[in-house]
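Notes for the one structure printed next.
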Amino acid sequence: MEFGAVYGTHQRLNIPIEIGAVIYNPRSDELEISGKKFYFDIDVEKWGNVVDKLGRTINVKARVINLKTPDTPKTYDKKFCLDPQSKKNALKISRIIHNNLHGYMQNLAKNNVRTLIFFAKERETLTLRRAGFNTNNLVCLDLQKESKESLSLKQSMSLDRLSYIIKFQIFNTTIHSEHYTYTIPEKYQYLIKPHKAIGDTARMFLLSKELYHHTDTLKEKIESYLALCEKEAIASKKNQTLKDLK
């Protein structure tokens with residue numbers, strides 16, 4: 001899921017603004033893609049990570065969009081506050097969105113879904129509970145936690161960094177990782193982008209395939225990646241020292 005903080009609530013009211021899902025059938029090795037955006041007349045803050053070539057977060061940027069007209073961003077003012085009536089309207093829209101989310105998940109579950117895989121699942125599972133969707137009969141896995149434990153990592157890694165490591169790529173009709181290629185339905189091809197709900201779901205799907213079927217290879221690649229990051233950090237520090245001496 002992608003979330004947005006209702007503009008003017010100072011992060012006190014967060015709502016889901018879009019959801020994406022990859023429905024995978026292991027018997028046929030086929031996948032379906034599903035997604036939904038919530039179009040309402042409400043302004044939200046979208047906070048996005050800016051990453052470098054290695055998938056490392058180097059900055060975080062905020063922008064304000066209206067969910068009904070997302071292509072016309074607005075100026076962000078951290079001092080802006082909603083008036084009481086606008087807060088009531090925001091709470092009403094939040095309830096409607098959660099009801100819509102419940103309906104979406106009910107339809108998704110009709111596909112004989114038995115396992116839900118998230119990345120850092122706390123926020124999503126809390127949102128599903130608020131939406132009244134019962135996950136008691138489903139297995140809910142946290143891919144970030146699973147990767148940390150399976151690969152004996154000291155710290156959790158971001159989806160951006162893990163996507164770089166598995167060589168996630170997007171072409172016109174397909175998504176790729178180190179060992180896998182899958183075709184994307186035409187109507188979703190333009191939506192397969194990092195930091196978009198469907199795009200991140202696609203990244204998570206291929207990461208899960210690499211993690212569960214090529215664990216040792218992935219572990220080796222992470223070790224090489226971390227060594228590269230450390231080498232770059234040392235080189236950067238030396239360069240900065242030389243600049244300071246000039």
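Derivation of every value follows stated rules applied to the coordinates shown; laboratory data play no part. No experiment lies behind these values; they were computed from the predicted model shown.
Within the straight-line cut-off of under 15 Å between alpha carbons, the aspartates and glutamates reachable from Lys68 are Glu18, Asp41, Asp43, Glu45, sequence neighbours fewer than 8 places apart in one chain being disregarded.
Taking each full run of DSSP H in the chain as one helix, which ones are at least 15 Å long along their axis (Cα atoms) and have mean Kyte-Doolittle hydropathy of at least 1.6? Present the calculation step by step, with values, prior to reporting the outcome.
Working: long enough: 84-109 (38 Å, -0.70); 197-213 (24 Å, 0.14); 215-245 (45 Å, -0.66).
Qualifying helices, which must be both long enough and hydrophobic enough, do not occur.
Over all pairs of different C-alpha atoms, region 2-245 has a mean inverse distance whose reciprocal, the Kirkwood radius, equals 19.9 Å.
On a straight-distance basis, which aspartates and glutamates could pair with Lys237 in a cross-link, Cα separation under 14 angstrom, same-chain partners fewer than 8 positions away excluded? Counting by Cα, and skipping residues close in sequence, Lys237 has no aspartates and glutamates nearby. Across the chain, C-alpha contacts under 8 Å between residues 6 or more apart give a mean separation that, scaled by the residue count, equals a relative contact order of 16 percent. Straight-line cross-link partners of Lys231 among the lysines, defined as a Cα under 27 Å from its Cα and at least 8 positions apart when in the same chain: Lys53, Lys145, Lys148, Lys154, Lys167, Lys219, Lys221, Lys243, Lys246.
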